[in-house]
Each structure stands twice: as C-alpha cells, then as structure tokens.
Amino acid sequence: MASVQKITPSLWFGSNCEEAMNYYVSVFPDSKIVTTKYYPEGITEGPMKGMEGKVLTGVFELAGQRFIALDGGPLFKFNESISFTVSCETQDEIDHYWDSLSAVPESEQCGWCKDKFGVSWQIVPTALGAMMMDEAPGKAARVTEVVMSSKKFDIAQLKAAYEGKN
C-alpha cells in the first residue's frame, strides 16, 4: 500500500496556476502533474465569476513532493514568509535551480530567490547545515559571514570560508 503524504503544501495563484504547474514540472526532475480540475462554465455571480476554465484544483509533484494548487483570484499574494528549500549536492544543481527560479533580482539574498509567480525558494547546498553547526572555533562564523553576503551560494566560497582559506 502506498503511503499518503501527511502534509501537502497548497499554493493559491491569481489566475496562472496551470502555467506555474507546467513550469515547475519542467524545472525539477522526476516531476509530474497528477490531476487538474477546472472551474465550470457559467459562473455568473460571486467571487468565482470570471474564473471559468481556470484551475479549481491542481495536484502536481516536484521531485516526489506533492503540492496542491488553485487559481483563486488576486485576493492573496505570495510573500517571503513561506519558502521552499531545495537541497543541492553540487554547484551545477545550485546554478540550475537558481537560473530557472530566480526572476526578481532585488529579492535575492542568502540563497533565497523569488520566481516569476512570486513564490520564494531557498537554493541551498546540502553541506551548509554541517558547516553552520560545526563547533570548531571560527568555522561557523566564517561561513555565516559568507552566507550573509551572498545572493546565490557558491559551494567553493563556502568551503574556503569553512576551511579558513578566504
């Protein structure tokens, strides 16, 4: 029996949910759109007026993580208080996700970026956690200094700081 994901993030898009789902699926390997249901035709009153043909419920998976999404109109907007962290083993991975997802240069800081839909992402090397938790004198402080001055992370720069070679 397949296990059910206990917690599933739900994303509210104004009116471009289908575009976003297709885009995210193109960026992350091992990803797919599971289902898409659309608002019915003929809604003439209420808050869903004009939403005909937009996504009522979309379910998609990014690298095995399931998401639910919908078009709900302009009432709510994404902000940086919620983000998705992408753990990367290599600089090539960091570069791929950063180049694919970062669309708002003024939002770039400390490995965070914002995509063209307003969703915030943290593109982080997997080794960063161990570097930041190291109790050896100075190592975590040097890495923190690099983190705080970075936009996109550079693994070689972080490693140099960790080893005291910067």
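Quick notes
- Qualifying residue in the range 92-111 (condition: of a type outside the set (D, E, K, R), more than 26 Å from residue 12 (Cβ to Cβ) and modelled with pLDDT of 95 or more): yes
- Within the range 43-62, being at pLDDT 95 or above and small (Gly, Ala, Ser) holds for one residue alone: 58.
- Of residues in the range 126-166 being of a type in the set (Gly, Ala, Ser) and more than 25 Å from residue 107 (Cα to Cα), the one surrounded by the most Cβ atoms within 10 Å (Cβ to Cβ): 160
- Condition met for residue 80 (surrounded by fewer than 16 Cβ atoms within 10 Å (Cβ to Cβ), in contact with a Ser or Thr (Cβ under 7 Å, 6 or more places away or on another chain) and part of a loop (DSSP other than H, G, I, E, B)): yes
- When each of 31, 102, 26 is tested for being in the same structural domain as residue 146 (by TED's automatic domain parsing) and closer than 28 Å to residue 153 by Cα, the lone residue that passes is 102.
- Members of the range 137-161 that are charged (D, E, K, R) and touching a residue at least 24 places away in the same chain (Cβ under 8 Å): 139, 142, 151, 152, 154, 159
The values are calculated or read from the model by the stated rules, or taken from the named source; none is laboratory data. Please read these numbers as outputs of a predicted model, since none were measured by experiment. In this analysis, Cβ positions are derived from the backbone assuming ideal geometry, glycine residues included, and neighbour counts consider all displayed protein chains.
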